[in-house]
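A short write-up of the structure that comes next.
The values are calculated or read from the model by the stated rules, or taken from the named source; none is laboratory data. None of these values were measured; they are calculated from a predicted model. In this analysis, Cβ positions are derived from the backbone assuming ideal geometry, glycine residues included, and neighbour counts consider all displayed protein chains.
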Amino acid sequence: MKDTLASQLLKLTVLIKTTTSSQVNSYGTGFLVRKDGFIFLVTNKHVIEGSEKTYIKFFGQTDFVLISGQFVPSDDYDISIYFLNKVPDTVKCISEEFIPSEKDIEELDAIEDIIFIGYPTGLYDQYNHSPIVRKGITATPLSLDYENKSLFLIDASIFPGSSGSPVFRICSNNITITSRGMQKIVTHFLLLGIIAEGYIQGQKKEICLSPNIPAPPVIHRQMIDLGEVIKTKEIITLIENYINFHTTVETR
């Protein structure tokens, strides 16, 4: 596989497997972020909550690894982070260049192309131990807070297992001049957020207080290709709080 920025995105994700006391396995997605020399596994709180054991598999690794210790959850959003002492040489971490600034967000259009990477329904390339890439568009503008929260929606096929997937905006409009005077289009990516959940047909919340109102019809669980994404700034806030706390403790 050619070593490009796009190929490196595949190496950012981590397959998460959790087991319960009744030996039921569940799968979700996480991804790696490096900040100030710390490396974190980022995922959703609901991916690891209620699990008895948590295993992770990195890109290119044949085996799951049992991890111990506690995930640190966000108080306000469905995000948890886990500090990692080290990671295999086969993986990559999201660094500062992927993190959008407020100015970056303001300059985005109301509709943007996006990709997200993960393990829908636990599916992945088991021979090469590589995740699945999918694409879509933003369904609500990044510059707005959906329902007055640090969220936005994407129009994309979201399935169980996609929880925790990183969402990227594809930027391919930067042009540089090579030493031969030729134009070259440079592609880069911005981490827009983390997938939290998908929308299901017929699952809109309703309040039926009167017994005279007939029960709503039963509707099969059909995904409607809308996903809810927590914005990157909430991930960075949680990571910075962790770093600040542990840096302060160590300097006492």
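Okay, here's what the table says:
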item	result
Top-ranked residue in the range 88-98 [being within 17 Å of D36 (Cα to Cα) and surrounded by 17 or more Cβ atoms within 10 Å (Cβ to Cβ); ranked as modelled with the lowest pLDDT]	F98
Test for D76: is it under 24 Å from T237 (Cα atoms), part of a loop (DSSP other than H, G, I, E, B) and not β-branched (V, I, T)	yes
From D75, D104, residue being over 17 Å from E228 (Cα atoms), surrounded by fewer than 10 Cβ atoms within 10 Å (Cβ to Cβ) and among the acidic types (D, E)	D75
The listed residue being at pLDDT below 50 and farther than 16 Å from S80 by Cα, out of K184, K205	K205
Inter-residue pairs, beta-carbon under 9 Å, first at positive phi and in the range 41-52, second of a type outside the set (G, A, S) and surrounded by fewer than 24 Cβ atoms within 10 Å (Cβ to Cβ), 6+ apart	G50/T18; G50/T20
Filter result for Y27 (closer than 24 Å to I132 by Cα, part of a strand (DSSP E or B) and modelled with pLDDT of 95 or more)	no
Q70, sole failed condition from (1) touching a Ser or Thr at 6+ places or on another chain (Cβ under 8 Å); (2) under 21 Å from A196 (Cβ atoms); (3) assigned to a loop (DSSP other than H, G, I, E, B)	(1)
Sole exception among (1) farther than 22 Å from H188 by Cβ; (2) at pLDDT 95 or above; (3) more than 13 Å from the chain's Cα centre (by Cα) for G50, by number	(2)
Boolean, I158 is at negative phi, assigned to a loop (DSSP other than H, G, I, E, B) and either of a type in the set (A, V, I, L, M) or in contact (Cβ under 8 Å) with a residue 60 or more places away in the chain (or both)	yes
Condition met for L9 (under 18 Å from the mean Cα position of the chain (by Cα), crowded, with 19+ Cβ neighbours inside 10 Å, farther than 16 Å from I67 by Cα and of a type outside the set (V, I, T))	yes
Any hit, the range 53-66, residues being outside any loop (DSSP other than H, G, I, E, B), under 23 Å from E234 (Cβ atoms) and without any contact (Cβ under 8 Å) to a residue 60 or more places away in the chain	yes
Neighbours by Cβ (under 7 Å, 6+ apart or cross-chain): first from the range 83-109, farther than 26 Å from G69 by Cβ; second at pLDDT 90 or above and assigned to a loop (DSSP other than H, G, I, E, B)	I105/L142; I105/S143; E106/S143; L108/L142; L108/S143
